[in-house]
Protein chains: 2
Amino acid sequence: MPSSKPRIDEDAGPEYRLDDQIGFLLRRGTQRHLGIFARHIPDLTPTQFAAIAKLFEMGPVSQNELGRRTAMDAATIKGVIDRLRRRELVTTRRDRVDQRRIYVELSPLGSKLFEDSEAAALVISEQTLAPLSPEDRASFVKLLKIIT
Amino acid sequence: MPSSKPRIDEDAGPEYRLDDQIGFLLRRGTQRHLGIFARHIPDLTPTQFAAIAKLFEMGPVSQNELGRRTAMDAATIKGVIDRLRRRELVTTRRDRVDQRRIYVELSPLGSKLFEDSEAAALVISEQTLAPLSPEDRASFVKLLKIIT
DNA sequence: GCAAAATCCTTTGCATACGAACAATATGGT
DNA sequence: ACCATATTGTTCGTATGCAAAGGATTTTGC
(Lines give C-alpha, C1' and ligand atoms only; values in the text may rest on other atoms or scores of the structure.)
Protein backbone atom coordinates (compact mmCIF):
# COMPACT_ATOMS: atom_id res chain seq x y z
CA MET A 1 0.00 0.00 0.00
CA PRO A 2 1.80 3.04 -1.27
CA SER A 3 0.80 5.80 1.09
CA SER A 4 4.26 7.25 1.49
CA LYS A 5 3.42 10.90 1.03
CA PRO A 6 0.31 12.28 2.67
CA ARG A 7 -1.61 14.83 0.66
CA ILE A 8 -2.17 16.90 3.75
CA ASP A 9 1.03 18.44 4.97
CA GLU A 10 1.97 17.01 8.32
CA ASP A 11 3.47 20.22 9.66
CA ALA A 12 0.78 22.28 8.02
CA GLY A 13 3.77 24.01 6.42
CA PRO A 14 3.18 26.66 3.79
CA GLU A 15 3.80 25.47 0.32
CA TYR A 16 6.03 27.86 -1.56
CA ARG A 17 6.25 27.29 -5.26
CA LEU A 18 8.55 29.69 -7.03
CA ASP A 19 6.60 29.52 -10.28
CA ASP A 20 3.46 30.85 -8.59
CA GLN A 21 5.05 33.83 -6.87
CA ILE A 22 4.22 37.27 -8.10
CA GLY A 23 7.82 38.49 -7.91
CA PHE A 24 9.08 35.69 -10.12
CA LEU A 25 6.29 36.23 -12.62
CA LEU A 26 6.96 39.96 -12.74
CA ARG A 27 10.61 39.25 -13.47
CA ARG A 28 9.74 36.82 -16.25
CA GLY A 29 7.22 39.23 -17.73
CA THR A 30 9.80 41.98 -17.72
CA GLN A 31 12.28 39.68 -19.43
CA ARG A 32 9.86 38.84 -22.19
CA HIS A 33 9.03 42.49 -22.69
CA LEU A 34 12.72 43.36 -22.80
CA GLY A 35 13.25 40.87 -25.61
CA ILE A 36 10.39 42.28 -27.64
CA PHE A 37 11.67 45.81 -27.04
CA ALA A 38 15.19 44.98 -28.17
CA ARG A 39 13.91 43.47 -31.41
CA HIS A 40 11.90 46.57 -32.30
CA ILE A 41 14.12 49.34 -30.96
CA PRO A 42 17.63 47.90 -30.88
CA ASP A 43 19.50 51.17 -30.42
CA LEU A 44 17.82 52.25 -27.19
CA THR A 45 17.13 50.48 -23.92
CA PRO A 46 13.63 50.71 -22.41
CA THR A 47 14.99 53.00 -19.73
CA GLN A 48 16.64 55.31 -22.22
CA PHE A 49 13.47 55.38 -24.27
CA ALA A 50 11.46 56.18 -21.16
CA ALA A 51 13.67 59.17 -20.45
CA ILE A 52 13.38 60.42 -24.01
CA ALA A 53 9.62 59.89 -24.09
CA LYS A 54 9.17 61.79 -20.86
CA LEU A 55 11.35 64.65 -22.11
CA PHE A 56 9.26 64.74 -25.26
CA GLU A 57 6.10 64.90 -23.16
CA MET A 58 7.33 67.45 -20.64
CA GLY A 59 9.98 69.52 -22.28
CA PRO A 60 13.14 70.55 -20.40
CA VAL A 61 13.24 69.38 -16.82
CA SER A 62 15.81 68.91 -14.10
CA GLN A 63 17.69 65.63 -13.99
CA ASN A 64 16.31 64.35 -10.69
CA GLU A 65 12.79 65.42 -11.59
CA LEU A 66 13.09 63.44 -14.79
CA GLY A 67 14.25 60.50 -12.73
CA ARG A 68 11.16 60.74 -10.56
CA ARG A 69 8.87 60.88 -13.57
CA THR A 70 10.48 57.80 -15.06
CA ALA A 71 10.86 55.82 -11.83
CA MET A 72 14.63 55.98 -11.64
CA ASP A 73 16.58 57.04 -8.60
CA ALA A 74 19.18 59.79 -8.78
CA ALA A 75 22.09 57.45 -9.38
CA THR A 76 20.32 55.59 -12.18
CA ILE A 77 19.03 58.60 -14.09
CA LYS A 78 22.50 60.10 -13.98
CA GLY A 79 23.97 57.17 -15.86
CA VAL A 80 21.12 57.19 -18.37
CA ILE A 81 21.49 60.91 -19.07
CA ASP A 82 25.27 60.57 -19.36
CA ARG A 83 24.85 57.93 -22.05
CA LEU A 84 22.16 59.88 -23.90
CA ARG A 85 24.31 63.01 -23.81
CA ARG A 86 27.29 61.08 -25.13
CA ARG A 87 25.14 60.21 -28.14
CA GLU A 88 23.93 63.80 -28.40
CA LEU A 89 20.30 62.85 -27.93
CA VAL A 90 19.96 65.29 -25.04
CA THR A 91 21.71 68.45 -23.90
CA THR A 92 22.21 69.66 -20.35
CA ARG A 93 22.81 73.03 -18.73
CA ARG A 94 22.91 74.35 -15.21
CA ASP A 95 19.93 76.30 -13.95
CA ARG A 96 20.84 79.98 -13.57
CA VAL A 97 18.57 80.42 -10.58
CA ASP A 98 19.08 77.19 -8.70
CA GLN A 99 22.72 76.35 -9.12
CA ARG A 100 22.16 72.77 -7.95
CA ARG A 101 19.88 71.86 -10.79
CA ILE A 102 20.85 70.49 -14.17
CA TYR A 103 18.30 70.99 -16.87
CA VAL A 104 17.98 68.21 -19.40
CA GLU A 105 16.57 68.92 -22.83
CA LEU A 106 15.89 66.78 -25.84
CA SER A 107 18.11 67.65 -28.80
CA PRO A 108 16.62 67.81 -32.31
CA LEU A 109 18.31 64.49 -32.93
CA GLY A 110 16.70 63.03 -29.83
CA SER A 111 13.34 64.47 -30.79
CA LYS A 112 13.56 62.92 -34.21
CA LEU A 113 14.60 59.58 -32.75
CA PHE A 114 11.56 59.59 -30.50
CA GLU A 115 9.17 60.48 -33.28
CA ASP A 116 10.67 57.81 -35.49
CA SER A 117 10.37 55.17 -32.75
CA GLU A 118 7.00 56.09 -31.32
CA ALA A 119 5.02 53.73 -33.55
CA ALA A 120 7.44 50.91 -32.82
CA ALA A 121 7.04 51.56 -29.10
CA LEU A 122 3.29 51.12 -29.39
CA VAL A 123 3.80 47.88 -31.30
CA ILE A 124 6.05 46.69 -28.49
CA SER A 125 3.29 47.25 -25.95
CA GLU A 126 0.78 45.49 -28.16
CA GLN A 127 3.00 42.49 -28.74
CA THR A 128 3.76 42.18 -25.07
CA LEU A 129 0.04 41.93 -24.35
CA ALA A 130 -0.70 39.90 -27.46
CA PRO A 131 -1.30 36.59 -25.64
CA LEU A 132 -4.29 38.17 -23.87
CA SER A 133 -7.73 38.87 -25.23
CA PRO A 134 -8.57 42.56 -25.69
CA GLU A 135 -10.70 42.60 -22.54
CA ASP A 136 -8.00 40.85 -20.55
CA ARG A 137 -5.42 43.35 -21.77
CA ALA A 138 -7.35 46.27 -20.40
CA SER A 139 -8.02 44.57 -17.11
CA PHE A 140 -4.43 43.45 -16.76
CA VAL A 141 -3.08 46.95 -17.30
CA LYS A 142 -5.65 48.30 -14.86
CA LEU A 143 -4.63 45.83 -12.16
CA LEU A 144 -0.95 46.40 -12.80
CA LYS A 145 -1.44 50.13 -12.34
CA ILE A 146 -3.02 49.47 -8.98
CA ILE A 147 -0.19 47.41 -7.55
CA THR A 148 2.37 49.90 -8.76
CA MET B 1 -11.92 81.82 -30.55
CA PRO B 2 -9.41 79.67 -28.76
CA SER B 3 -9.24 76.52 -30.82
CA SER B 4 -5.50 76.21 -30.69
CA LYS B 5 -5.25 72.50 -29.93
CA PRO B 6 -7.63 70.19 -31.71
CA ARG B 7 -8.83 67.21 -29.71
CA ILE B 8 -8.46 65.07 -32.74
CA ASP B 9 -4.84 64.67 -33.70
CA GLU B 10 -4.17 66.35 -37.01
CA ASP B 11 -1.60 63.82 -38.16
CA ALA B 12 -3.64 61.00 -36.67
CA GLY B 13 -0.41 60.36 -34.80
CA PRO B 14 -0.35 57.70 -32.15
CA GLU B 15 -0.32 59.08 -28.68
CA TYR B 16 2.35 57.45 -26.59
CA ARG B 17 2.05 58.02 -22.90
CA LEU B 18 4.82 56.41 -20.90
CA ASP B 19 2.66 55.91 -17.84
CA ASP B 20 0.25 53.68 -19.75
CA GLN B 21 2.84 51.39 -21.30
CA ILE B 22 3.03 47.83 -20.09
CA GLY B 23 6.82 47.83 -19.93
CA PHE B 24 6.94 50.86 -17.70
CA LEU B 25 4.26 49.43 -15.42
CA LEU B 26 6.08 46.11 -15.19
CA ARG B 27 9.22 47.92 -14.16
CA ARG B 28 7.40 49.91 -11.50
CA GLY B 29 5.66 46.80 -10.21
CA THR B 30 8.98 45.01 -9.96
CA GLN B 31 10.45 47.96 -8.09
CA ARG B 32 7.67 47.94 -5.54
CA HIS B 33 8.00 44.21 -5.08
CA LEU B 34 11.74 44.54 -4.63
CA GLY B 35 11.23 47.03 -1.82
CA ILE B 36 8.79 44.76 -0.02
CA PHE B 37 11.15 41.83 -0.47
CA ALA B 38 14.12 43.70 0.97
CA ARG B 39 12.15 44.67 4.05
CA HIS B 40 11.15 41.08 4.80
CA ILE B 41 14.24 39.15 3.70
CA PRO B 42 17.12 41.63 3.91
CA ASP B 43 19.95 39.12 3.67
CA LEU B 44 18.97 37.61 0.32
CA THR B 45 18.05 39.15 -3.02
CA PRO B 46 14.97 37.87 -4.84
CA THR B 47 17.20 36.16 -7.37
CA GLN B 48 19.28 34.45 -4.71
CA PHE B 49 16.12 33.35 -2.95
CA ALA B 50 14.73 32.02 -6.22
CA ALA B 51 17.83 29.88 -6.71
CA ILE B 52 17.64 28.54 -3.17
CA ALA B 53 13.92 27.86 -3.42
CA LYS B 54 14.37 25.96 -6.66
CA LEU B 55 17.21 23.92 -5.21
CA PHE B 56 14.99 23.12 -2.25
CA GLU B 57 12.24 22.01 -4.62
CA MET B 58 14.42 20.03 -7.01
CA GLY B 59 17.46 18.85 -5.11
CA PRO B 60 20.92 18.90 -6.71
CA VAL B 61 20.95 20.11 -10.29
CA SER B 62 23.49 21.44 -12.77
CA GLN B 63 24.23 25.15 -12.75
CA ASN B 64 22.82 25.98 -16.17
CA GLU B 65 19.74 23.85 -15.57
CA LEU B 66 19.13 25.75 -12.36
CA GLY B 67 19.46 28.95 -14.35
CA ARG B 68 16.81 27.78 -16.78
CA ARG B 69 14.43 26.87 -13.99
CA THR B 70 14.85 30.26 -12.36
CA ALA B 71 14.84 32.33 -15.55
CA MET B 72 18.48 33.37 -15.43
CA ASP B 73 20.93 33.04 -18.28
CA ALA B 74 24.25 31.26 -17.86
CA ALA B 75 26.19 34.40 -17.01
CA THR B 76 23.71 35.54 -14.40
CA ILE B 77 23.27 32.23 -12.59
CA LYS B 78 27.02 31.90 -12.37
CA GLY B 79 27.33 35.11 -10.38
CA VAL B 80 24.43 34.15 -8.14
CA ILE B 81 25.89 30.72 -7.38
CA ASP B 82 29.33 32.22 -6.76
CA ARG B 83 27.87 34.53 -4.14
CA LEU B 84 25.78 31.81 -2.52
CA ARG B 85 28.79 29.50 -2.39
CA ARG B 86 30.90 32.23 -0.81
CA ARG B 87 28.32 32.33 1.98
CA GLU B 88 28.30 28.52 2.15
CA LEU B 89 24.60 28.31 1.35
CA VAL B 90 25.30 25.94 -1.55
CA THR B 91 28.04 23.51 -2.49
CA THR B 92 29.20 22.61 -5.98
CA ARG B 93 30.98 19.63 -7.50
CA ARG B 94 31.82 18.46 -10.99
CA ASP B 95 29.74 15.70 -12.51
CA ARG B 96 31.80 12.50 -12.78
CA VAL B 97 30.08 11.43 -15.97
CA ASP B 98 29.71 14.73 -17.81
CA GLN B 99 32.85 16.68 -17.05
CA ARG B 100 31.30 19.91 -18.28
CA ARG B 101 28.56 19.99 -15.67
CA ILE B 102 28.75 21.51 -12.23
CA TYR B 103 26.26 20.17 -9.76
CA VAL B 104 24.85 22.66 -7.30
CA GLU B 105 23.43 21.48 -4.00
CA LEU B 106 21.85 23.25 -1.07
CA SER B 107 23.97 23.05 2.08
CA PRO B 108 22.31 22.36 5.45
CA LEU B 109 22.81 26.04 6.18
CA GLY B 110 21.10 26.99 2.93
CA SER B 111 18.29 24.54 3.61
CA LYS B 112 17.72 26.02 7.03
CA LEU B 113 17.76 29.54 5.64
CA PHE B 114 15.10 28.63 3.13
CA GLU B 115 12.87 26.98 5.70
CA ASP B 116 13.26 29.94 8.02
CA SER B 117 12.39 32.42 5.23
CA GLU B 118 9.60 30.51 3.53
CA ALA B 119 6.81 32.09 5.56
CA ALA B 120 8.27 35.56 4.99
CA ALA B 121 8.40 34.88 1.27
CA LEU B 122 4.70 34.11 1.23
CA VAL B 123 4.00 37.30 3.14
CA ILE B 124 5.99 39.20 0.51
CA SER B 125 3.78 37.83 -2.24
CA GLU B 126 0.66 38.68 -0.25
CA GLN B 127 1.77 42.22 0.46
CA THR B 128 2.71 42.81 -3.14
CA LEU B 129 -0.83 41.89 -4.18
CA ALA B 130 -2.43 43.54 -1.15
CA PRO B 131 -3.89 46.52 -3.08
CA LEU B 132 -6.05 44.10 -5.07
CA SER B 133 -9.21 42.34 -3.99
CA PRO B 134 -8.88 38.55 -3.55
CA GLU B 135 -10.62 37.91 -6.87
CA ASP B 136 -8.43 40.44 -8.66
CA ARG B 137 -5.31 38.86 -7.19
CA ALA B 138 -6.11 35.50 -8.66
CA SER B 139 -7.02 36.96 -12.03
CA PHE B 140 -3.93 39.15 -12.10
CA VAL B 141 -1.61 36.23 -11.39
CA LYS B 142 -3.39 34.18 -14.02
CA LEU B 143 -2.98 36.88 -16.66
CA LEU B 144 0.62 37.49 -15.70
CA LYS B 145 1.38 33.81 -16.15
CA ILE B 146 -0.05 34.00 -19.63
CA ILE B 147 2.09 36.85 -20.85
CA THR B 148 5.20 35.26 -19.41
C1' DG C 1 19.14 86.70 9.50
C1' DC C 2 20.82 82.32 10.73
C1' DA C 3 21.11 77.56 11.93
C1' DA C 4 18.77 73.30 10.63
C1' DA C 5 16.68 70.76 7.26
C1' DA C 6 15.81 69.67 2.66
C1' DT C 7 17.09 69.16 -2.12
C1' DC C 8 20.22 68.35 -6.07
C1' DC C 9 23.74 65.91 -7.92
C1' DT C 10 27.80 62.80 -7.61
C1' DT C 11 30.42 58.80 -6.34
C1' DT C 12 31.19 54.13 -4.79
C1' DG C 13 29.97 49.46 -4.12
C1' DC C 14 27.22 45.60 -4.91
C1' DA C 15 23.90 42.71 -7.55
C1' DT C 16 21.26 41.55 -11.35
C1' DA C 17 20.70 41.04 -16.57
C1' DC C 18 22.03 40.04 -21.31
C1' DG C 19 24.87 39.57 -25.68
C1' DA C 20 28.94 37.84 -27.59
C1' DA C 21 32.89 35.21 -27.84
C1' DC C 22 35.40 31.37 -26.09
C1' DA C 23 37.38 26.60 -24.43
C1' DA C 24 36.22 22.13 -23.03
C1' DT C 25 33.43 18.33 -23.46
C1' DA C 26 29.48 15.36 -25.33
C1' DT C 27 26.57 13.78 -28.81
C1' DG C 28 24.89 12.75 -33.43
C1' DG C 29 24.96 11.25 -38.06
C1' DT C 30 27.25 8.78 -41.40
C1' DA D 1 36.15 6.16 -35.91
C1' DC D 2 35.20 10.92 -37.33
C1' DC D 3 33.62 15.28 -37.88
C1' DA D 4 29.98 18.67 -37.44
C1' DT D 5 27.06 20.28 -33.96
C1' DA D 6 25.35 21.12 -29.48
C1' DT D 7 25.88 21.92 -24.64
C1' DT D 8 28.24 23.56 -20.38
C1' DG D 9 30.41 26.85 -18.10
C1' DT D 10 33.51 31.17 -18.21
C1' DT D 11 34.78 35.86 -19.24
C1' DC D 12 34.11 40.53 -20.89
C1' DG D 13 31.54 44.59 -21.79
C1' DT D 14 27.53 47.39 -21.18
C1' DA D 15 23.39 48.89 -18.74
C1' DT D 16 20.17 49.11 -15.20
C1' DG D 17 19.02 49.44 -10.17
C1' DC D 18 19.57 50.65 -5.23
C1' DA D 19 21.87 51.98 -0.72
C1' DA D 20 24.82 54.94 1.47
C1' DA D 21 27.76 58.72 1.96
C1' DG D 22 29.17 63.22 0.80
C1' DG D 23 29.57 68.21 -1.25
C1' DA D 24 27.12 72.12 -2.80
C1' DT D 25 23.19 74.94 -2.69
C1' DT D 26 18.59 76.38 -1.37
C1' DT D 27 14.68 76.65 1.61
C1' DT D 28 12.48 76.72 6.11
C1' DG D 29 11.62 77.67 10.89
C1' DC D 30 12.26 80.54 14.30
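Miscellaneous remarks
- Plainly put, the tip 7 Å out from Cα toward Cβ on A:V97 is 7.3 nm from that tip on each other copy, the closest given first.
- Of the residues B:A138, B:A121, B:A74, the one that moves most in a GNM of chain B with alpha-carbon contacts below 10 Å is B:A138.
- Pairwise Lys count, the protein assembly as shown - Cα closer than 25 Å, eight or more residues apart or different chains: 18
- With its label point put 7 Å out from Cα toward Cβ, A:S133 sits 1.9 nm from the same residue's point in the other copies, in order from shortest.
- Under-5 Å amide H pairs with B:V61, H placed in peptide plane, nonlocal only: B:V104
- Separation of the B:R101 and B:D82 label points, Cα + 7 Å toward Cβ, nm: 2.4 nm
- GNM result for chain B, Cα springs below 10 Å: residue of B:D19, B:D43, B:D116 fluctuating most strongly: B:D19
- Computed over chain A, the per-residue total of -39500 (n - 2.57) for DSSP H runs of n ≥ 4 gives a 222 nm mean residue ellipticity of -19000 deg cm²/dmol, rounded to 500.
- Ordering of B:81-89, A:20-28 by packing [mean C-beta count within 10 Å, highest first]: A:20-28, B:81-89
- Distance between the 7 Å Cα→Cβ label points at B:A74 and B:D20: 4.3 nm.
- Each other copy holds its own label point for B:R68; taking that point as 7 Å from Cα along Cα to Cβ, the gaps run 4.7 nm, nearest first.
- Local electrostatic count at A:R94 - Lys and Arg +1, Asp and Glu -1, tallied over other residues with Cβ under 10 Å: +2
- Cβ-derived FRET efficiency at R0 22 Å, A:E115 paired with B:Q31, nearest 0.05: 0.20
- Point-charge dipole on Cβ atoms (K/R +1, D/E -1) for chain A, about Cα centre, debye to 20: 620 debye
- For A:Y16, A:Y103, the ranking by accessible surface with the largest value first comes to A:Y103, A:Y16, using a 1.4 Å probe.
- More than 18 Å apart - percent of Cα-Cα pairs taken over the range B:23-146: 58 percent
- Shielding value for B:137-143 is 5, the average number of Cβ atoms from other chains within 10 Å of each residue's Cβ.
- Descending principal axes extents, the protein assembly as shown, alpha-carbon based, whole Å: 87, 40, 38
- The value of relative contact order for the range B:23-146, using C-alpha pairs under 8 Å at least six residues apart, is 26 percent.
- Comparing A:S111, A:S125, A:S133 in a Gaussian network model of chain A where C-alpha atoms under 10 Å apart are linked, the largest mean-square fluctuation is found at A:S133.
The values are calculated or read from the model by the stated rules, or taken from the named source; none is laboratory data. Here the structure is a predicted model, which means the values were calculated and not measured. Neighbour counts run over all protein chains shown; Cβ positions are idealised from the backbone, glycine included. These area figures cover heavy atoms from the full protein model, side chains too; ligands, DNA and RNA do not enter into them. Shrake-Rupley method; radii C 1.70, N 1.55, O 1.52, S 1.80 Å.
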